[in-house]
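Data block below; observations after.
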Amino acid sequence: MFDITPTQFYEEIRAAENHVQTHVSATRDMVRDYHGKYYRSDKGGDLAPAPENHAFEWLALVTPRIIYDNPTVMISSRFSGVSPDILLKLQHGINQWAGAQRLWKTLLRVWYDTAFSFGVVRTSLANMPGYRGFPSEFGQRIQPQWPVCHRVPPSRFIIDPRCQEIQEARFMGHRWIRDKDDLMKAKGFNKKLIQNISDDAGLEHGNEPEFNEYNSPSRKEITGYEIWVPEITLPEAQGNPHFNGTLFTMAVSAGVPEDGNFKAFWIRKPRPFYGPHWGPYSMFGVYVVPGQVLPLSPLAATYEQVKELNAHAVSASVGAANYKKFAAFEPGNKPAGEAAKNAAHGEVVPIPNLDQDIKEVTIGGNDAAVYEYLNLLHGRRDRVTGLNEAARGNISGRGTATEHADAASARDSRLALMERMFGESTRQVLDSSGWYHHQSEFIRFRLGQGAAKDLAPRPKSLPSENKAEDIALDIARGTVADPHGLRELPFSERLEVIKKTLKWHPELWFPSEDPTHAFMSLAEISGVEYHELELIIEPMSMARTDQGMLQRRAQDQFALIMQAATIMPQTPWIDWPTLLDKWGNAMNAKDFTEIINMDLLAQAQGIQEQSALAGVAGGGGGGVPGPQAPAPDQIQAARASGRDLSEAAR
């Protein structure tokens, strides 16, 4: 059983902080080399020259491929029988939440953490800003909530140092700093213990030596720790699958543990963690180190090579700066010196005793071996990172198209792993948000117009709003039915009534518009648990996409559809949905089959078969002709009117 006495638990926290410190301490050197001496005047004086700013170049090239926009998700069911409306409702809810949260900004900062060391995101429930609350049956207004994602700086993250996999961690958490006055007003905190903690207690315990370097006045803050222990379940949470583990909140007094007066306190009662079984924290990393829980970052893996490259680049720079080339002459032959000094370029001048009294002298500079070794270091760095000249946009023209394609393929393989690892951690963050969206009864908000297109599309029988004036004129002419007697109204009133009738702006709410579902979770409404659903991130939704590539892909898809559409009705023995799915997966177009209306295709294939049978029965002679295949314009007309294609053929 895990020992949760404050003193013993703080020893576990100290060990975890020291473990993280061994990783993040080197990160500070990499960050200083990244921003250089001109980012901060107080941080540049002791920086060694670094002509090769590899971190800046690498991040500038790679970052748009990793995170550039909000991720969009697709929700599907692992089992049959789940209503598509439930899946679409959850899908639109998560996507709208990600946009409102500007999730890409949080993920961008987390990516920079990941590039230098590792990243962490904490997901929890919080009150929705801007809402006064909804009335309840108890006469009180209930404040709606939704998930929030916070970046946890790597230096403040805490994880069990003995585990080798994050799933094996017996605890994880983070360190926070808050005003004492705020904690005294907050619900659930032990105000007596907090009052007795001295101001600014615990600030010296963190892994941030630069924290107090600004000589700012005391803010009367204290340091605390929030720790999630998955193996401890409180009695009140027994048997409830929505509570996973327990949250503990600790604060410490001033000083260090070796002092006799140092103490650690639980300043809040342990509380069940309401959230997914993987906990509130999602860790981001790229490369796995065997036997270690913390990942290896791309910049840390190449930092030693970059330092060597910079050392030789500085040496070559000094040699080049000391380079001098001049003419020396014998002091006794001043005319020779004056002639060499005053000679213009290309001029022919007589100089007596040229070989003995005047010579060209060169000092300093670098020989060819220096530049050859620099080129070797550049090549090694580019080989390890995959950032060759072609990746930087510098095409020399010396390589063949095949060589450039092979180099691009190797580079894309490296980036593909980074995209996959960062995308998988992002998926866990979105899964945490999806869990709260699905399970919490306090999440309630209006859905946008994008959801209305899927969940409440405009009826095909309802004309568009811009047809209102034409309908009003047709009623006046008597060319259309007028069951409501609108013809007797003045034209302006008649037009206003028609406009209101044609409006279609349904109000959709998450999780439901039904008033009987007030303060019910989507899980309760649907009867589906979240583990029965599957969330995936739409391909290319997070990264910056090349406009030329998108245009070429759209053209290819259009050409393929036009070619395939002509033979689909004639080849019913081919499984077209499966074939299109495979092609769509290869082109990162997961919804490719939705372009084809399979019901209309089946009808068209049936008409083709009837036509063929009728032709055989007629023998090609004077028999009764069978139904003919509909022309393309007939198919389009039938689709617009909703008629069966077999009717369009008549």
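The values are calculated or read from the model by the stated rules, or taken from the named source; none is laboratory data. Given the structure is predicted, the values throughout are model-derived calculations rather than measurements. Counting neighbours? That spans all protein chains shown, and the Cβs are built from the backbone with ideal geometry, glycine included. Side chains are part of the model used for accessible areas, which takes the heavy atoms of the whole protein and leaves out ligands, DNA and RNA. Shrake-Rupley method; radii C 1.70, N 1.55, O 1.52, S 1.80 Å.
A few points about this structure:
- Tail beyond 23 Å, pair distance distribution of the range 228-309 (Cα, percent): 55
- Net charge in the neighbourhood of PHE2 (other residues with Cβ under 13 Å of its Cβ; Lys, Arg +1, Asp, Glu -1) is -3.
- The three principal axes of the C-alpha atoms in the range 1-99 carry coordinate ranges of 65, 48, 20 Å, sorted with the longest axis first.
- Across the range 83-133 the C-alpha pair distances fall into 5 Å bins from zero in the proportions 5, 15, 17, 19, 18, 14, 8, 4, 1 percent.
- Under 11 Å, Cβ to Cβ, from PHE510 - net charge with Lys/Arg +1 and Asp/Glu -1: +2
- Karplus 3J(HN,Hα) series, Hz, for the range 561-572 with 6.51 cos²θ - 1.76 cosθ + 1.60 (x for Gly, Pro): 4, 4, 6, 6, 4, 6, 10, 4, x, 8, 10, x
- For the range 413-571, the mean projected area of the C-alpha convex hull, equal to one quarter of the hull surface, is 17.6 nm².
- Average Cα contact separation per residue, the range 11-89, under 8 Å, 6 or more apart, as relative contact order %: 18
- As a rough guide to protection, the peptides 178-191, 85-98 ranked by mean Cβ packing within 10 Å, highest first, stand as 85-98, 178-191.
- Excluding ligands, DNA and RNA, the accessible surface per residue across the range 216-319 is 46 Å² with a 1.4 Å probe.
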